[in-house]
1. Based on other C-beta atoms within 10 Å, arrange Ser102, Ser144 from fewest to most.
2. How long are the three semi-axes of the equivalent ellipsoid of the range 48-155, in whole Å, if each is the root of 5 times an eigenvalue of the C-alpha gyration tensor, listed from largest down?
3. What distance in nm separates the two pseudo spin-label positions at Ser108 and Lys60, each 7 Å out from Cα along the beta-carbon direction?
4. To the nearest 0.05, what FRET efficiency results for Arg68 and Glu100 with a Förster distance of 30 Å applied to their C-beta separation?
5. Apply 1/(1 + (r/R0)^6) to the Cβ-Cβ distance of Asp85 and Leu51, taking R0 = 25 Å, and write down the FRET efficiency to the nearest 0.05.
6. How would Ser108, Ser55, Ser81 line up from fewest to most surrounding beta-carbon atoms within 10 angstrom?
Amino acid sequence: MRYPLTPIHCRPWLLNGLSVQLIESHYENNYGAALRRAPPRPLVQEEFGDLPGVSVEEVKATLEAGKRVQIVDARPRHSMSRQPDMMDGAIWRDPDSVQEWSGELSKSEPVVVFCVYGFHVGCKTAIVLREAGFDAKYMKGGHSAWKAIGGAIKPIAEESPEIAV
């Protein structure tokens, strides 16, 4: 049985010593709801104001409906070496050089950007794209949430030298 995703109400990179697998297990097994009787405080990211986000379920439904969307995997290069897979249909782009690769995207189609957990990197990249005139949103929960709902993934292609660390 699938459970709705329960967001981690903290910054995952501050959870020192926890493996990626353990954090993904949080999503897959709904531990957030199972271990708490009171609802957790919502994560407030004031620095991102009213930046629009989209859930992984919405992204999956969009793709299954055959709607056109540009998906950008903006995980930092060092994260790519730890997780040798990526969302099927996504293209990886270095979040540190948005200005250089943003011209490759179409302004006539929406853009969904994600990072590892759907926080700073994905949000900051989406903001830069929005300022450049793109209809860009960040994917809540990032790559980990995508994997947790069983979203299609593919191995990082060996012929992608731009990802090599």
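1. Ser102, Ser144
2. 19, 16, 13
3. 3.1 nm
4. 0.80
5. 0.40
6. Result, fewest neighbours first: Ser108, Ser81, Ser55.
None of the figures in this text is laboratory data; all of them are computed from the coordinates on show. Owing to the predicted nature of the structure, the values given are computational and were not obtained by experimental measurement. Here the Cβ is made from the backbone with ideal geometry for all residues, glycine too, and neighbour counts use every protein chain on show.
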